[in-house]
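Trainee: Quick one: the structure is below, and I'll ask about it shortly.
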Amino acid sequence: MAEWHGDCSRGSNREGHQHYSDDKSLVRSRQATSSSSSCTGDGRSSPGGEGKWRDVDTASCCLLDDLKKCHKKLGRLNFSSTHTVLVDVSIFNASEQLQPQDGRDMWHKGFVKMPFSPLSVVTTKTGLRKQPTQVPRWEIISKKLDGLASKKKRGVDDVVEVIIKCNPQYTDEWTFDALFSLVKCIPKEENYFDTLFPKIAALALSLPQHVKKAIPLLQTGQCTAITLSQVQISCLLANAFFCTFPHRNTTRPNAEYHNYPPINFNSLFGNWSDRKKEKLRAIMHYFNMVTDENTKPKGLVTFERRGLRDSELPSWRSCDEKLSRLHVTSKGNIEANSAGMLQVDFASRWIGGGVLGNGLVQEEILFLMNPELIVSRLFTERLADNECLIVTGSQQFSQYSGFGDNFEWAGPHNDKLKRDEWVRLQRQILAIDALHFKYPRDQYNMIKVTRELNKAYCGFKGHGDGEPDIATGKWGCGVFNGDPQLKAVIQLMAAAKAKKGLAFFTFGDEELANGLKQIYHLLVTEKMTVEKLYGLLEDYCAVQQADSHVDLFKFIRDNIRCSRSQL
Ligand code: APR
């Protein structure tokens, strides 16, 4: 467990204003209505009978509209010892203009090592006697980028030449077949890449003019935040495209950034597949938007690392909170249906997971639709069990269809969300990494259950009032092999402790949706508390270890009353 330093609240200069009543823990038991309330399904009258759900069995759920979508009144943009702002806050507060904050280069382990740092040097042999001399790497990089940027049209060969020039040691290792195939296979009318490559090069070249203040690393155990402009993010990602970030290409255990996910895009450019084609289409669309004056984004984005000190971890056996509000639906998905809520990213502890590789499930899709999220990999150290990352203000540039191997980039998305006082789009994403169970039975263990409760609570709890409710789903139940019923109950408990409402999108899983509505209704009518549920889970895990698989929802139904009689 990472030791926590600093107090998250100290670094924040945000007063909260409630837009909604704060009787968050009060659950309104709603008479089942024939409306489209998702908790009564699509309003169909249920067939009733054993094993079938009836409207009255699910009456405790709420409507999505009943959940809190709010945005705090932020006040003036300001920096602090735990919040670094990469734009000039005085100019911003006076005029809302975004100008880079001055600062000096920090070639230091607590900061991002920038490609243009004068301390980023390479040794070359020059002159007649081939004397080894040290040359600033940026001299070489900027010359190559300038050459690429100076032409109207450039091909993949030119891009590869720049990337390899910046990383000569990987000449024989890195492959670019995916980039070549993309340009070859995209229909001519959509194929704008040869005019786009020079623009990305120009954007990468402008990094020193846009990012002047050193970027601190969001390190494990540190409760810190970074706010930067969408333009600054685009310059950083343009450099990631050309793989210019130094010291970031090895993940050897003793490598300097071994605890950070890769940021350079080289792994995106090799191993051609349909997945890579669709991923690259989304990435190239992003660069097409941010290199065009008419569509260049003009806001700020905040990346905030949060964590719980040991003293803040709930003692789950003595939490008398009742369940908070729950909305369940098998329709839609988190990002499309919960604007204004805190949207859960089913994350990897290496933020972004396989977005630059072959991964293509919930987190990678989220990062491809909101590519600004990828820049979090530049400065976010691996998440510890008691940590999460919250990103406020990322823009959605694309839309998609399908999932995994069926994922397809489905064209541009026009993001119409409003911006807050810090000109950040009102989109908040919460990255929490579930445990990966090689064997599903390993999860039926109260140490693991408690770790998941703490992880979810860390993300859900927020900084006091004025924070939105949570939009989530089958967190940890896909690649990570989690039990959807157990994970749903864990998230319900964490939300109850955090006094937050929950919108649960089962992503087409009707059975889970119906089962969750029913069990929630039972728990609410039985006035179940978190501590009692924790006790039930302890019994459940014991049974699971002993016998063959028992459905958690069935176990709760069969044992809820005896758990009541024990307390
Ligand atoms: N909204 C709601 N539910 C979704 C969505 C969505 N947009 N996308 C997927 N789901 C559902 C699907 O049913 C999926 O099987 O969530 C389930 C879990 O999704 P996964 O991405 O597999 O999540 P998880 O099991 O936590 O695996 C996380 O995968 O993407 C990588 O980097 C990530 O390493 C991490 C791992």
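The values are calculated or read from the model by the stated rules, or taken from the named source; none is laboratory data. Predicted model only: the values in this text are computed from it and were never measured. Cβ atoms come from the backbone with ideal geometry, glycine included; neighbour counts cover every protein chain shown. Only protein heavy atoms, including side chains, enter the accessible area calculation; ligands, DNA and RNA are left aside. Shrake-Rupley method; radii C 1.70, N 1.55, O 1.52, S 1.80 Å.
Trainee: Among helices (runs of 4 or more DSSP H) lying entirely in the stretch 473-567, which contain 1 or more residues that are hydroxyl-bearing (S, T, Y)? Walk me through how you get there before you give the answer.
Mentor: On the way: elements: 484-498, 510-525, 530-546, 552-566.
Result: 510-525, 530-546, 552-566.
Trainee: So which residues in the stretch 333-344 are closer than 24 Å to K277 by Cβ and within 7 Å of the ligand (Cβ to nearest atom), if there are any at all? Let's see the steps before the verdict.
Mentor: Step one: filter the stretch 333-344 for residues closer than 24 Å to K277 by Cβ, giving 333, 335-336.
If the condition is that a residue be closer than 24 Å to K277 by Cβ and within 7 Å of the ligand (Cβ to nearest atom), then N333, E335 are the ones that fit.
Trainee: Now for a different question. Tell me which residues, restricted to the stretch 117-154, are over 23 Å from R248 (Cβ atoms) and at pLDDT 95 or above. Spell out the reasoning first.
Mentor: From the stretch 117-154, those over 23 Å from R248 (Cβ atoms) are 125-133, 147, 150-154; that's our starting set.
Passing the criteria: G147, S150.
Trainee: A follow-up question, please. If you check K144 against the conditions, is it in contact with a helix residue (DSSP H, G or I) (Cβ under 8 Å, 6 or more places away or on another chain), in a loop (DSSP other than H, G, I, E, B) and more than 30 Å from R306 (Cβ to Cβ)? Don't jump to the end; show me each part of the working.
Mentor: Values: in contact with a helix residue (DSSP H, G or I) (Cβ under 8 Å, 6 or more places away or on another chain): yes; in a loop (DSSP other than H, G, I, E, B): no; more than 30 Å from R306 (Cβ to Cβ): yes.
Taking the combined requirement at face value, the residue does not satisfy it.
Trainee: Now for a different question. Quick check on my filter: what residues within the stretch 363-386 are over 20 Å from M284 (Cβ atoms) and within 7 Å of the ligand (Cβ to nearest atom)?
Mentor: E363
Trainee: Only residues that are open to solvent by less than 10 Å² (accessible area, probe 1.4 Å), over 21 Å from C223 (Cα atoms) and away from the ligand (no atom under 13 Å from the Cβ): list them for the stretch 487-501, please. Steps first, answer last, please.
Mentor: We begin by selecting, within the stretch 487-501, every residue open to solvent by less than 10 Å² (accessible area, probe 1.4 Å); these are 487-496, 500-501.
Subsequent filtering for residues that are over 21 Å from C223 (Cα atoms) retains 487-493, 495-496, 500-501.
Result: V489, L492, M493, A495, A496, K500, G501.
Trainee: A further question follows. Please go through the stretch 471-485 and pick out each residue that is within 13 Å of the ligand (Cβ to nearest atom) and either closer than 16 Å to L533 by Cβ or modelled with pLDDT under 95 (or both). Even if it seems obvious, please write down each step before you answer.
Mentor: Taking the stretch 471-485 as the starting set, the residues that turn out to be within 13 Å of the ligand (Cβ to nearest atom) are 471-484.
Answer for the stretch 471-485, where residues must be within 13 Å of the ligand (Cβ to nearest atom) and either closer than 16 Å to L533 by Cβ or modelled with pLDDT under 95 (or both): just D483.
Trainee: Checking the condition surrounded by 20 or more Cβ atoms within 10 Å (Cβ to Cβ), out of contact with any Cys (no Cβ under 9 Å at 6 or more places or on another chain) and within 26 Å of W272 (Cβ to Cβ), which residue from L203, L218, L237, L196 passes? It would help to see each step written out before you state the result.
Mentor: Working: L203 fails: out of contact with any Cys (no Cβ under 9 Å at 6 or more places or on another chain); L218 fails: within 26 Å of W272 (Cβ to Cβ); L196 fails: surrounded by 20 or more Cβ atoms within 10 Å (Cβ to Cβ).
The match here is L237.
Trainee: Next up: So, in the stretch 419-469, exactly how many residues are more than 30 Å from N78 (Cβ to Cβ), open to solvent by less than 50 Å² (accessible area, probe 1.4 Å) and more than 20 Å from the chain's Cα centre (by Cα)?
Mentor: 6
Trainee: Identify all residues within the stretch 113-162 that are at positive phi and either among the small types (G, A, S) or open to solvent by less than 40 Å² (accessible area, probe 1.4 Å) (or both); write none if there are none.
Mentor: Residues of the stretch 113-162 at positive phi: 127, 130.
Answer for the stretch 113-162, where residues must be at positive phi and either among the small types (G, A, S) or open to solvent by less than 40 Å² (accessible area, probe 1.4 Å) (or both): just G127.
Trainee: Spot the failing condition for A225; the list is (1) buried (at least 21 other Cβ atoms within 10 Å of the Cβ); (2) small (G, A, S); (3) over 19 Å from the mean Cα position of the chain (by Cα), and only one is missed.
Mentor: Going through (1) buried (at least 21 other Cβ atoms within 10 Å of the Cβ); (2) small (G, A, S); (3) over 19 Å from the mean Cα position of the chain (by Cα) one by one, A225 breaks only (3).
Trainee: How about the stretch 345-362: which of its residues are surrounded by 24 or more Cβ atoms within 10 Å (Cβ to Cβ) and either within 6 Å of the ligand (Cβ to nearest atom) or at negative phi (or both)?
Mentor: So the first thing to find is which residues in the stretch 345-362 are surrounded by 24 or more Cβ atoms within 10 Å (Cβ to Cβ), and the list is 345-347, 351-353, 355, 360, 362.
Residues satisfying the conditions are D345, F346, A347, I351, G353, V355, L360, Q362.
Trainee: Between residues in the stretch 258-274 that are within 13 Å of A240 (Cβ to Cβ) and open to solvent by less than 30 Å² (accessible area, probe 1.4 Å) and residues that are among the small types (G, A, S) and assigned to a loop (DSSP other than H, G, I, E, B), which pairs lie under 6 Å by C-beta distance while being six or more apart or on different chains?
Mentor: From residues that are within 13 Å of A240 (Cβ to Cβ) and open to solvent by less than 30 Å² (accessible area, probe 1.4 Å), the pairs are P261/G352.
Trainee: Does L389 meet the test of being more than 12 Å from the ligand (Cβ to nearest atom) and surrounded by fewer than 19 Cβ atoms within 10 Å (Cβ to Cβ)? Before you say what the answer is, go through the steps one by one.
Mentor: Details: more than 12 Å from the ligand (Cβ to nearest atom): yes; surrounded by fewer than 19 Cβ atoms within 10 Å (Cβ to Cβ): no.
So L389 fails the test.
Trainee: Let me ask something additional. Residues of the stretch 196-234 being in a helix (DSSP H, G or I) and either at pLDDT below 95 or among the small types (G, A, S) (or both), which ones?
Mentor: Within the stretch 196-234, the subset in a helix (DSSP H, G or I) is 196-205, 207-210, 230-234.
Hits for the stretch 196-234 are A201, A202, A204, S234.
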